[in-house]
C-alpha cells in the first residue's frame, strides 16, 4: 500500500508574501522562511519576495500569485497584534479566510505564517525568539505540501 508524505525539498518557484505592517516582526518571519527554503535546497533565484501593505492584503496578492501559474508554493507572512478595538478580529479572520480560499481554489500550498498575538513581545518571541520562528514553520508546511501534491499528481509515493 503506497504511503504519501511530503518531504522538505525544493519544488519549483516559491513566493514569500510579506506584510509591511509590523515590519519589525515580519522581516524576522521572512528570515525564517528564507532559512527554510535554504534547508530545502530551493535556489535563491527561485524565490520571489512580494511585499504588501498589511495582513488584510495578503489574500488578494496570494490569489494573483496563484493565478499566475508561476509558483509551486506561497508562504504568507504577517503579524496582527490585538488592540483595544475589534479591528484585530476582522483583519486576522479575513487574512486566514482569504488565504485558505486561495489554497483550495487554486490547489496551491499556502503556508500560513500570520501571527495573531496579544502583544508585540509575543510576536517577537514567535518570530525568531523563544518560541521559534513561525516563518520557518509556514515555509516548511508549504514546501512539504508542494512535494506531497507533486507525488499525488505523479502517482509516486515518497516511501
message = How would region 15-71 be classified by its alpha-carbon gyration tensor: rounded, prolate or oblate, with rounded meaning a/c under 1.5 and the a/b versus b/c comparison settling the rest?
response = oblate
request  = Considering Cα pairs under 8 angstrom that are at least six residues apart, work out the relative contact order of the chain and quote it in whole percent.
outcome  = 36 percent
request  = Return the ratio Rg/(2.2 N^0.38 Å) for the chain, where Rg is computed over Cα atoms only.
outcome  = 1.02
query = So how far, in whole Å, is the C-alpha centre of region 15-29 from the one of region 111-132?
reply = 11 Å
message = For the chain, take the longest principal axis of its alpha carbons; what is the angle in degrees between that and the long axis of helix 58-68, to the nearest 10 within 0 to 90?
response = 30 degrees
message = Can you give the FRET efficiency to the nearest 0.05 for residue 7 and residue 84, using r as the Cβ-Cβ distance and R₀ = 30 Å?
response = 0.10
inquiry  = Using only Cα atoms and rounding to the nearest 10 degrees, what angle (0 to 90) does helix 87-106 make with the longest principal axis of the chain?
reply    = 10 degrees
message = Run the simple label-point estimate for residue 43 and residue 105 please: 7 Å along Cα→C-beta, distance reported in nm.
response = 3.1 nm
ask   = Angle, helix 23-39 long axis vs. longest principal axis of the chain, Cα atoms, 0 to 90°, nearest 10?
value = 20 degrees
message = Based only on other Cβ atoms within 10 Å, what is the fewest-to-most ordering of 47, 152, 74?
response = 152, 47, 74
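Laboratory data are not the source of any read-out in this text; all were calculated from the coordinates shown. Note that the structure is predicted; figures quoted are calculated from it, not measured. Quick reminder, even Gly has a Cβ in these numbers, built from the backbone with ideal geometry, and neighbours come from all protein chains shown.
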